[in-house]
Amino acid sequence: MTSPARRSRATEAFYGRRKGKALKVPQAAALSELLPVLKLDLASPAPKPFAGLWPRPVSAVRLEIGFGGGEHLLHRARSSPDTGFIGIEPFVNSMAKMLGGLESEGLDNIRLYDDDATQVLDWLPDASIDQIDLLYPDPWPKKKHWKRRFVSRVNLDRFARVLKPGGRFCFASDIDTYVNWTLAHIADHPEFEWTARKAADWHEPWQGWPGTRYEAKAIREGRTPCYLEFRRAG
C-alpha cells in the first residue's frame, strides 16, 4: 500500500520568529495548560460533522490565520457566540497573550493551532469554513522575499477547497505592494471574485471591526489600511 501524496505547501517552511522575550508566569502557565486542551489534533481526522469540534452547536465556522495578540479573534468570538472559531498563530508570545485573554473571558468557541497554517488548511474538510481572515500578514516587503507571502496560487487553491460556496476571504493590509499582489492573484484565480463595488468597500473596515494594534501602528506611521473581501464562487 502506497502512502498518499503530500500536498505541496506554499513555501515548504514557516518564515518568521517563533519566540520573543521571556513569558510571564501566567502566560507560560496558560501556554502549558490551556493550549493542549484547545489545540487541533491534526493526527486525527476532522470530526464529522465538523461543527463537533466545539463543545456546543455552532452555526458557522471562521478561520483566522496569524491572529497576533488575539484582539480581533477574541472580539469576534465574544460578539458571535454561535460561531466556531479556529485561530492560528505560530509566534509563542502572541499565542500566550491570546490564551490569557481567552482564559479570563471563559470563551468556549475557539480552537487553536500554533504552527504552519497550511497544515490546518490541508487537514480541514472540503467546504467546511464560512470565512477566512488574513489580517495584516507579514508583507515581506523586499521583492526577493515576495515568494514567502502567504497569498499565493497554491494557498488560494487551499482556501477555495475549504471555503463553502459563497464563503468569504477577508484580507487587510497597509502595504500597497501586498494589496496589489493579492488583487492580482485573485484576478488570476477562477474560484474567487472581489466583492467591492465602490471605494468605501476597501477603504472602510468591515462591520463590527475592533481595530488591531498593527492597524493602529500603520495609521500612526502614515500608512493607509486597505480592506479586501473576496467571495468563493459557486
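The values are calculated or read from the model by the stated rules, or taken from the named source; none is laboratory data. Remember, predicted model here, so these are calculated numbers, not experimental data. Reconstructed Cβ throughout: ideal geometry from the backbone, glycine too, with neighbour counts over all protein chains shown. Quick note on the areas: whole protein, heavy atoms, side chains included, nothing else; ligands and nucleic acids left out. Shrake-Rupley method; radii C 1.70, N 1.55, O 1.52, S 1.80 Å.
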Please go through region 81-102 and pick out each residue that is surrounded by fewer than 23 Cβ atoms within 10 Å (Cβ to Cβ), within 14 Å of the chain's Cα centre (by Cα) and part of a loop (DSSP other than H, G, I, E, B).
Pro90, Phe91
Select from region 30-80 the residues that are over 14 Å from the mean Cα position of the chain (by Cα), closer than 14 Å to Glu103 by Cβ and outside any loop (DSSP other than H, G, I, E, B) and list them in ascending order.
Ala30, Leu31, Ser32, Glu33, Leu35, Pro36, Val37, Leu38, Arg78
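Yes or no, residue by residue, for (1) touching a helix residue (DSSP H, G or I) at 6+ places or on another chain (Cβ under 6 Å); (2) on the phi < 0 side of the Ramachandran plot; (3) at pLDDT 95 or above:
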| position | (1), (2), (3) |
| --- | --- |
| Glu105 | no, yes, no |
| Ile110 | yes, yes, yes |
| Leu134 | no, yes, yes |
| Ser152 | no, yes, yes |
Would you please name the residue that is most open to solvent (accessible area, probe 1.4 Å), looking only at residues in region 117-143 that are assigned to a loop (DSSP other than H, G, I, E, B) and within 25 Å of Ile219 (Cα to Cα)?
Lys142
Subset of region 150-167, residues open to solvent by 10 Å² or more (accessible area, probe 1.4 Å), β-branched (Val, Ile, Thr) and within 14 Å of the chain's Cα centre (by Cα), comes to none
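Taking region 192-209, which residues are in contact with a strand residue (DSSP E or B) (Cβ under 6 Å, 6 or more places away or on another chain) and either open to solvent by less than 50 Å² (accessible area, probe 1.4 Å) or in a loop (DSSP other than H, G, I, E, B) (or both)? Step through it out loud before you land on a result.
Quick first cut of region 192-209, residues in contact with a strand residue (DSSP E or B) (Cβ under 6 Å, 6 or more places away or on another chain) only: 192-195, 202, 205.
Within region 192-209, Phe192, Thr195, Pro205 meet the criteria.
Taking into account only those residues within region 66-81 that are at negative phi and out of contact with any strand residue (DSSP E or B) (no Cβ under 7 Å at 6 or more places or on another chain), which is modelled with the lowest pLDDT? Write out each step before concluding.
Just the residues of region 66-81 that are at negative phi, to begin with: 67, 69, 71-81.
With out of contact with any strand residue (DSSP E or B) (no Cβ under 7 Å at 6 or more places or on another chain) added as a condition, the list becomes 69, 71, 74-75, 78-81.
Numbers: Gly69: 85, Glu71: 93, Leu74: 96, His75: 96, Arg78: 96, Ser79: 97, Ser80: 97, Pro81: 97.
Selected residue: Gly69.
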Counting only residues in region 104-116 that are in contact (Cβ under 8 Å) with a residue 40 or more places away in the chain and out of contact with any Asp or Glu (no Cβ under 9 Å at 6 or more places or on another chain), the one most open to solvent (accessible area, probe 1.4 Å) is identified as Asp108
If you scan region 4-39, which residues turn out to be under 18 Å from Phe159 (Cα atoms) and either of a type in the set (Gly, Ala, Ser) or modelled with pLDDT of 80 or more (or both)?
Ser8, Ala10
